[in-house]
Amino acid sequence: MTFSLKNQLCIGLSLNHRQKKQAAMDQAVSAQIGQAQRAEQAKLDFVFKPDSLYAHPARLSSQAGLDPTLVLTLIAEQTDNIGLVTTISASFQPPYILARQLQTLHWISNGRAGWNIVTSLDGGENFGETSKLSSECRYEKARECTEVVQKLWRSFPAEALTARNPQDLVKPITHQGNYFQVKGPLSIAMHASGEPVLFQAGASEAGRQFAASVASAIFAATPDKETAKELRQDLRNRAKANQRSPSDIRVLPGLYFFLGDSYEEAQQMHREAHQHLTLEHRYASIETTIGLDVRELPLDTQVTEVMLPSEKQPVRSRTHANLLRRFISDNQPTVKRLLDRPEVIDSAHWVEVGTPQQVLGRIIEWYNDGAMDGFIAIPGGTEKSLNLFFDQLVPLLTEAGVFRREYTSKTLRDHLK
């Protein structure tokens, strides 16, 4: 079965290594290098390393909180073609250090670096911040931070390395803004391939506008196809309004997958992955996400739009709140169904459970219906699930004509064309 499409999927792999208790940290490093090498063998566009700037109490024994840029620098030395997308917060990092780190990774990887620009909800106390900024202010600061980083990259052009008088090309930026004052120039030249590729995570109103103005791709939380279609079309419209081509930005939902030889096996993986989430945890997640307490309601009670608290109330994540509010408004789910929603248990990702052939069909459906330009593969379940992704699902996508057989370029920017 072959599908005729203009472009091909853009696929990245999230390097989420979950270590066993007491496991040595170096095992986390070697595991992620191994995953990146397998991803390169499968010809994926990039690997992606998420990050958190604080120690989450519930994850202390299960998540290796290694610095993503340092890990990807190690991976750069062990790979040749695959893109390397690191996560660095624009909320707390000084732009000069950020620009220098990213350009260094770009040089070490020979043009394969990408920056996932995030704004941080938590962790400010670790950087001397005493109060949390609103979503609008966080993105305003991120926009200025990104502007300064790009100015710094351009302050030392690649041509200066071979120029007779490099001082004529290397210039200060003398930036004076609301959040940053930076003189420049940067102490490292731009790589010959150009700037690292900009990614962005966040789909609130402010996040969408920011992504449409600067990003080449957006990492999206889209638990269902209709949400993904709306987001993609909206971003394409916003890109055009920002004097960009609608095709300049790619929408890449997180695909949280559980693959088995049978649907039943995959479903068991999914159940086991979430068995630690107690009923109280799920109730608390709903309350944190949208401010609604459903603990006293019978499980078969329908939750309707009129029961939703005001949209103006403070919430942890406006993106996740909007997704869950929309689901309730459109479906009037029972409390029981609400407690099992991806927004409640899976961080609002697109979740697929089944055999590689079954999941192939749903990926093709989303792609043909204009819901995405590719996806970030987030491994779920056992090691077998990841093996089936590499050994069966990716080859099936290639056979279907929606993914590459070989690399035709060496840089991340060219991979995304």
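Values for this structure:
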{"quantity": "Most mobile of Lys240, Lys43, Lys151 in a GNM of the chain (Cα contacts under 10 Å)", "calculated": "Lys240"}
{"quantity": "Shape category assigned to the range 137-257 from the gyration tensor of Cα positions, a/c cut at 1.5", "calculated": "prolate"}
{"quantity": "Debye, to nearest 20: dipole size of the range 51-173, +1 on Lys, Arg Cβ, -1 on Asp, Glu Cβ", "calculated": "220"}
{"quantity": "For the chain, calculated [θ]222 nm from helices alone, where every DSSP H run of n ≥ 4 adds -39500 (n - 2.57)", "calculated": "-12000 deg cm²/dmol"}
{"quantity": "Simple Cβ-charge dipole of the chain, Lys/Arg +1 and Asp/Glu -1, about Cα centre, in debye nearest 20", "calculated": "1040"}
{"quantity": "Glu383-Leu169 pseudo-label distance in nm [points 7 Å out on the Cα-to-Cβ vector]", "calculated": "4.9"}
{"quantity": "Glu365 - accessible surface, heavy atoms, 1.4 Å probe, Å² rounded to 10", "calculated": "90"}
{"quantity": "Loop sites in the range 159-223: trypsin sites (Lys or Arg not before Pro), DSSP, at most 10 other Cβ within 10 Å", "calculated": "Arg164"}
{"quantity": "Whole-number percent relative contact order across the range 41-130, with pairs defined as alpha carbons under 8 Å at least 6 apart", "calculated": "34"}
{"quantity": "Residues whose placed amide H lies under 5 Å from that of Trp350, excluding near-sequence neighbours", "calculated": "Thr222, Gly254, Tyr256"}
{"quantity": "The range 221-362: Rg to Rh, with Rh as the Kirkwood radius over Cα pairs", "calculated": "1.02"}
{"quantity": "Probe 1.4 Å - accessible area at Ile108, Å² to nearest ten", "calculated": "70"}
{"quantity": "The chain - percent of accessible surface contributed by carbon and sulfur, probe 1.4 Å", "calculated": "48"}
{"quantity": "Exceeding the 28 Å Cα-Cα cut-off - candidates Lys151/Lys240; Lys49/Lys132; Lys225/Lys312; Lys43/Lys141", "calculated": "Lys43/Lys141"}
{"quantity": "Relative contact order of the chain, defined on C-alpha pairs under 8 angstrom at six or more residues apart (%)", "calculated": "20"}
{"quantity": "Sparse-neighbourhood loop sites, GluC sites (Glu not before Pro) in the range 141-228 - DSSP loop, at most 10 other Cβ within 10 angstrom", "calculated": "none"}
{"quantity": "Förster radius 30 Å - calculated FRET efficiency between Glu264 and Glu365 (Cβ-Cβ, nearest 0.05)", "calculated": "0.85"}
{"quantity": "Charge context of Thr174, other residues only, Cβ under 15 angstrom, K/R +1, D/E -1", "calculated": "+2"}
{"quantity": "FRET efficiency, Thr288 to Leu161 (Cβ-Cβ, R0 45 Å, nearest 0.05)", "calculated": "0.35"}
{"quantity": "Among Gln200, Phe327, Phe48 the positive-end extreme of the charge dipole of the chain (Cβ point charges)", "calculated": "Gln200"}
{"quantity": "Loop-located GluC sites (Glu not before Pro) in the range 72-139 whose Cβ has at most 15 other Cβ within 10 Å (DSSP)", "calculated": "Glu129"}
{"quantity": "Gaussian network model of the chain, Cα within-10 Å springs - most flexible of Val303, Val47, Val394", "calculated": "Val303"}
{"quantity": "The range 319-334-the range 120-160 distance, computed between alpha-carbon centres (Å)", "calculated": "31"}
{"quantity": "Antiparallel %, DSSP beta bridges [both residues in the chain], to 5", "calculated": "10"}
{"quantity": "Phi-based couplings in Hz for the range 257-274 (Karplus 6.51, -1.76, 1.60; Gly and Pro marked x)", "calculated": "10, 10, 10, x, 5, 9, 4, 4, 5, 5, 5, 5, 4, 5, 4, 5, 5, 10"}
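The values are calculated or read from the model by the stated rules, or taken from the named source; none is laboratory data. Being a predicted model, the structure only gives us computed values, none of them experimental. Here the Cβ is made from the backbone with ideal geometry for all residues, glycine too, and neighbour counts use every protein chain on show. Only protein heavy atoms, including side chains, enter the accessible area calculation; ligands, DNA and RNA are left aside. Shrake-Rupley method; radii C 1.70, N 1.55, O 1.52, S 1.80 Å.
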